[in-house]
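S.K.: Have a look at this one.
Bear in mind these aren't lab numbers, they're just calculated from the coordinates by the rules spelled out. Remember, predicted model here, so these are calculated numbers, not experimental data. Here Cβ is always computed from backbone atoms with ideal geometry, including for glycine, and neighbour counts include all displayed protein chains.
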Amino acid sequence: MVPLCGRCLCRESALPVNPLCAPIGAEAYLVLAGNGKLAPGEGGWVVFKVYAEPVRDGAVVVRVSGEVDLTVSAQLERVLLAAPATRDVSSVVVDLEDLWFLDSSGVHALVKGYLAARDAGLAYAVRNASGMVARVLHITGVAEPFGMAEQASDPKGA
C-alpha cells in the first residue's frame with residue numbers, strides 16, 4: 001500500500017493509510033499478519049477498515065468494518081469529522097453492517113461525527129448495526145439520536 005499523501009509515515013506505521021491525510025474515497029485499514037503483528041500488506045486478516053464515499057443526493061456514506069477499539073478509534077473519528085466538510089454534502093450515513101466489535105472509544109468517535117454533522121447543519125444516521133454493536137449503541141443511549149429505528153432483532157440477544 002502506498003501512502004496517499006506522501007507527507008506522513010503511513011507506509012511505515014501500523015496503518016497503511018492515514019485517514020487524516022486521505023481524501024474521501026480512500027480506505028484506511030489495519031491488517032493482522034500471520035506473525036501476530038499489525039502490518040500493512042497483502043494477505044493477513046483485516047481487523048479494521050473504514051471507507052467514506054459520496055453517493056447520490058449529497059450523502060456521504062462511511063462504511064466501517066471489523067473491530068473499532070482504542071487502537072483505531074482515532075482513525076474512525078478523523079474520517080467522520082472529514083465527512084461533513086465534503087463538498088455539496090447534505091447528510092452523513094454511517095454503515096456498520098460489517099462491524100462486529102465496538103468499544104466506548106468507538107462510540108465516542110461516532111458521537112464526535114454526529115456533533116460535527118449537526119454543527120454543519122447536516123443529517124446524520126447510523127444504519128445496519130447488529131448484534132453486540134447494536135446492543136452497545138442502545139445501552140449507551142445513542143441509538144435514538146443516531147436515527148436507529150428499533151431493530152427487528154432484539155439487540156439484547158447479542
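S.K.: In region 116-137, how many are surrounded by fewer than 16 Cβ atoms within 10 Å (Cβ to Cβ), hydrophobic (A, V, I, L, M, F, W, C) and farther than 18 Å from ASP57 by Cβ?
M.R.: Going through region 116-137 one residue at a time, the tally reaches 1.
S.K.: I'd like to verify a number: residues in region 59-80 that are charged (D, E, K, R) and over 13 Å from LEU96 (Cβ atoms), how many?
M.R.: Residues that pass the stated criteria total 3.
S.K.: Continuing with this model, one more query. Tally the residues that are touching a residue at least 40 places away in the same chain (Cβ under 8 Å) and not hydroxyl-bearing (Ser, Thr, Tyr), restricting the search to region 77-92.
M.R.: 4
S.K.: Would you tally the residues in region 96-105 being farther than 15 Å from VAL142 by Cα and of a type in the set (Asp, Glu)?
M.R.: Of the residues in that region, 2 qualify.
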